[in-house]
Amino acid sequence: MPWFVRSKANITEENQKIMPDGLWTKCPSCNEIMYKTDLEESIFTCKKCSYHFRIGTKEYIEILLDENSFTETNENIKSTDALNFVDTKPYPIRIEEGNLKADVNDAITTGIGKIFGREVSFACMNFNFIGGSMGSVVGEKIYRAAKLSTKKKMPFILISASGGARMQESVLSLMQMAKSAAILAELDEAGVPFISILTDPTTGGVTASFAMLGDVNIAEPGALIGFAGPRVIEQTIRKKLPAGFQRAEFLLEHGFIDKIIDRRNMKSELSKIIEWFYN
């Protein structure tokens, strides 16, 4: 069995919703019926239409990094309720629910791992934690991960999956746009490569800051990438948007991203890009 095929016990809650108990699952794009094991073996992509199912941080670590090479950093940093914010429920309750749903402390996981033996600083956003929203913890972890890259002269790889800035932290969340951009500028000055991987969805303040600042910006096929959503834009400009607007293929055609890479080829392509920077 391939190394990336995981046991049922390790399947995230999101994947359980996509793939209920049973032998089969249906592709939401082409309606192809697949064995769940076949979907896992194809790294959660449809073998017929190549639709990329949403996956979590644990899956990306297993897919992209060498086996057992990942060591998490700054795992105990947690959000606080500095503004005593309440919408339909108090912010601390939202944080607690996010902890339980995503099994992580916040919307990003960082650490050090290896890609075919090459050490990298690795960060991956957790969409199941309050929609992958960017709060103070996200900004701080990106800052520390990039700082570590600068210190050790190792590539920084960041996977984005986010609905944007976390409004429960108000201006504190918006400040992370400038904070992350500033540390990435330091990384650039140090000559250390930053590779940004945009997955479905990457939107809002995340797109408007670190997600689009890579030396190389890569997207998964079909990923929704943009600032405001298509519906909001249509309501604002009162015009119908082009087909596929804000999808990865549209952005590649118009020069907003550098490359679209199928998840099944992502590790090998990342290795080639990294070695290009160091040769």
Exercise. Would you please name the residue that is farthest from Gly117 (Cα to Cα), looking only at residues in region 63-96 that are among the acidic types (Asp, Glu) and in contact with a helix residue (DSSP H, G or I) (Cβ under 8 Å, 6 or more places away or on another chain)?
Key: Asp87
Practice problem: Given the conditions (1) at pLDDT below 95; (2) over 21 Å from Thr202 (Cβ atoms), report the number of the one that Ala102 does not fulfil. | Solution: (2)
Quiz item: Limited to region 209-261, what total is found for residues that are aliphatic (A, V, I, L, M) and out of contact with any strand residue (DSSP E or B) (no Cβ under 8 Å at 6 or more places or on another chain)?
Solution: 6
Exercise. Considering each residue of region 131-157, count those that are at positive phi and surrounded by fewer than 24 Cβ atoms within 10 Å (Cβ to Cβ), and give that number.
Key: 2
Quiz item: Quick one: is Lys17 modelled with pLDDT under 95, assigned to a loop (DSSP other than H, G, I, E, B) and over 27 Å from Glu119 (Cβ atoms)?
Solution: no
Quiz prompt | Close pairs (9 angstrom Cβ cut-off, 6 or more residues apart or separate chains): under 19 Å from Gly56 (Cα atoms) and loosely packed, with under 15 Cβ neighbours inside 10 Å in region 88-104, of a type in the set (Val, Ile, Thr) and modelled with pLDDT of 95 or more anywhere | solution = Glu97/Ile130
Quiz item: Checking Ile233 against (1) crowded, with 17+ Cβ neighbours inside 10 Å; (2) out of contact with any Lys or Arg (no Cβ under 8 Å at 6 or more places or on another chain), which single condition isn't satisfied?
Solution: (1)
Exercise. From (1) more than 16 Å from the chain's Cα centre (by Cα); (2) among the hydrophobic types (A, V, I, L, M, F, W, C); (3) surrounded by fewer than 22 Cβ atoms within 10 Å (Cβ to Cβ), pick out the condition that doesn't hold for Leu184.
Key: (3)
Quiz item: When you scan region 112-128, how many residues do you find that are in a strand (DSSP E or B) and not β-branched (Val, Ile, Thr)?
Solution: 9
Practice problem: Among residues belonging to region 53-64 that are of a type outside the set (S, T, N, Q), touching a residue at least 40 places away in the same chain (Cβ under 8 Å) and buried (at least 21 other Cβ atoms within 10 Å of the Cβ), point out the one that is farthest from Phe122 (Cα to Cα). | Solution: Ile55
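The values are calculated or read from the model by the stated rules, or taken from the named source; none is laboratory data. Quantities reported herein were computed from a predicted structural model and do not represent experimental measurements. Cβ sites come from the backbone with ideal geometry, for glycine too, and all protein chains shown count toward neighbours.
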